[in-house]
Amino acid sequence: MTLLIELDSDNRASLRRLFDRYPCLHGSVAAVIEGGMGRVFTDAQEEPCVALAVLDFHFLAGDPLHPNALLLFKLLQPGDAVIPPTPAWQHLVAATYPSAAVYRREAFQAEQFDIDQLRRFCQALPVGFELRQVRLEEVTQFATDLDPALIYNFRSHEEFITRGVGLGILHQGTFVSGASSAAVGGGKLEIEIQTHRQFRRRGLARAVAAALILYCLEHGIEACWDAANDPSGALARQLGFHSTGKYEAVMCVKFSKLVLGAGAGSFKSRAHPFV
């Protein structure tokens with residue numbers, strides 16, 4: 001009987017070939033495989049054929065035609081956002097979750113940034129708004145004022161400050177816009193942007209995103225950007241990214257009989273041995 005195993009954060013090198021040339025969310029993938037963030041499940045430690053990397057998204061990788069591919073779906077729960085990286089994976093996900101909601105995202109790659117332009121974006125704040133780096137004692141307010149997505153891939157506020165970074169725009173004591181390292185590892189940083197609805201279309205997201213890109217350039221980190229919607233894509237282009245194409249993300253709803261009837265295999269976790 002095949003057992004899925006969970007790989008420790010410092011023991012994921014064997015998965016590099018499965019996730020090499022992943023088509024999207026490069027910062028998040030690097031954070032899991034190279035940076036030890038999140039969790040990773042696979043069918044073998046030395047020569048894996050399939051794998052599932054879990055952060056805010058659930059990343060499928062490997063050979064979707066391998067018999068062990070179906071075992072990965074047993075780890076998914078309704079509401080999980082899954083990335084099927086190839087047409088073959090998309091077909092398998094569609095067969096597994098026939099009622100799933102499919103939505104399109106867009107992947108971007110960094111070009112040669114115009115540093116002077118980025119600085120001008122940072123300086124173009126309205127009167128009464130302050131852009132600065134988030135301090136440890138402000139992390140709770142940063143996430144509460146804006147969105148927990150800015151920090152929730154990190155295990156603690158301390159880890160967020162020591163491994164990642166947050167930049168916020170304050171107005172009358174409240175963070176009204178922010179950019180952060182949603183994930184970091186392998187020399188890459190996945191950018192997360194959040195802005196209060198009533199403060200949008202004032203250049204705040206552009207200013208704080210530009211500041212985070214400048215931070216990445218100063219620290220030798222590759223800034224990574226994927227867009228969930230057209231405004232995010234338009235902002236990416238203003239900042240100097242170029243599109244590498246659209247891709248599918250799938251919101252799991254419920255299993256089909258294909259997986260419910262696939263009795264071969266189980267899951268074994270070193271950290272959580274519930275088998």
(request) Give the residues of the stretch 23-60 that are buried (at least 21 other Cβ atoms within 10 Å of the Cβ) and touching a Pro at 6+ places or on another chain (Cβ under 8 Å), sorted by residue number. (result) Cys24, Thr42, Val50, Phe59, Leu60
(request) Taking Phe142 as meeting all but one of (1) assigned to a helix (DSSP H, G or I); (2) assigned by TED's automatic domain parsing to the domain that holds Pro231; (3) out of contact with any strand residue (DSSP E or B) (no Cβ under 8 Å at 6 or more places or on another chain), write down the number of the exception. (result) (3)
(request) Go through the stretch 63-115 and count every residue that is without any contact (Cβ under 8 Å) to a residue 60 or more places away in the chain and aromatic (Phe, Trp, Tyr). (result) 1
(request) Give Leu150, Leu167 a once-over and let me know the one that is more than 30 Å from Val50 (Cα to Cα) and assigned by TED's automatic domain parsing to the domain that holds Tyr215. (result) Leu167
(request) Scan the stretch 118-138 for residues that are acidic (Asp, Glu), in a helix (DSSP H, G or I), loosely packed, with under 13 Cβ neighbours inside 10 Å and in contact (Cβ under 8 Å) with a residue 12 or more places away in the chain and jot them down. (result) none
(request) With respect to Gln141, determine if the residue is in contact (Cβ under 8 Å) with a residue 24 or more places away in the chain and either buried (at least 20 other Cβ atoms within 10 Å of the Cβ) or closer than 22 Å to Leu214 by Cβ (or both). (result) no
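The values are calculated or read from the model by the stated rules, or taken from the named source; none is laboratory data. On a predicted model such as this, the values are computed, not experimentally measured, just so you know. For neighbour counting, all protein chains shown are included, and Cβ atoms are generated from backbone atoms with ideal geometry for every residue, glycine included.
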